[in-house]
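Notes follow once the structure below has been shown.
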Amino acid sequence: MKKQDKSILVVEDNPLNMELIADILGTEGYLIYQAFNSEEALTLLKKIKPDLILMDIQLPGMDGLTLTRLLKGRDDFKHIPIVAVTAHTMKGDREKALQSGCDGYISKPIDVKVFPSVIESFISKRGAV
Ligand code: MN
């Protein structure tokens, strides 16, 4: 699998977090698309089919869980793995993310040492691509 052939849509409203994630994954060789809110993500998704979506939960306007439920309810998007990235540490948030249709969950602050391998494992879970 060549990472250059894989794309990731990052949905994140915090510019510093976005830069960090895009830097790390861009360095890994992935093609990165950036959306700073759910509306931008939906607009991009009319044109692109990413191999993974990294989903911030707290977003202005439509939150990440609502966007996840919306995408997982659509036949053309439900196969795309969605990994929640959230600062929420409250008990139950992981369950809430999974119930909304997220395929996985990464806590902020991001552990830059393991982040790339976690991302790679979620992308390979798609199976034969
Ligand atoms: Mn946020």
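The values are calculated or read from the model by the stated rules, or taken from the named source; none is laboratory data. Everything numeric in this text was worked out from a predicted model, so none of it was measured. So basically every Cβ, Gly included, is an ideal-geometry build from the backbone, and we count neighbours across all protein chains shown. To get the accessible areas, we keep the full protein, side chains included, count just its heavy atoms, and leave off ligands, DNA and RNA. Shrake-Rupley method; radii C 1.70, N 1.55, O 1.52, S 1.80 Å.
Quick rundown of the values:
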read-out	value
The stretch 1-123, accessible area per residue, ligands and nucleic acids excluded (1.4 Å, Å²)	51
Longest exposed-site-free window of the chain, the sites being trypsin sites (Lys or Arg not before Pro) in a DSSP loop that have at most 12 other C-beta atoms within 10 Å	3-45
The chain, accessible surface, carbon-and-sulfur percent (1.4 angstrom probe)	53
The stretch 11-25 - phi-based ³J(HN,Hα) in whole Hz, Karplus 6.51/-1.76/1.60, Gly and Pro as x	9, 7, 8, 8, x, 5, 5, 4, 5, 4, 5, 5, 5, 4, 6
Integer Hz, Karplus 6.51/-1.76/1.60 couplings in order for the stretch 52-57, x for Gly and Pro	7, 10, 9, 10, 5, 8
Per-selection Rg to Rh, the stretch 10-129 - Cα, Kirkwood hydrodynamic radius	0.92
Pairs beyond 26 Å (Cα-Cα), from Lys3/Lys72; Lys78/Lys125; Lys78/Lys113; Lys3/Lys49; Lys6/Lys96	Lys78/Lys113; Lys6/Lys96
Sequence-distant residues sharing a close amide H with Tyr33 (under 5 Å, placed H)	Ile8, Leu9, Val10
Placed amide H near Tyr105: partners under 5 Å, 5+ positions off or other chain	Ala84
Estimated vicinal HN-Hα couplings, Hz - the stretch 98-104 in sequence order (Karplus 6.51, -1.76, 1.60; Gly, Pro = x)	5, 5, 6, x, 5, 8, x
Extended-chain gain in nm, criterion 0.36 nm per residue less alpha-carbon gap, Leu44 and Gln99	17.3 nm
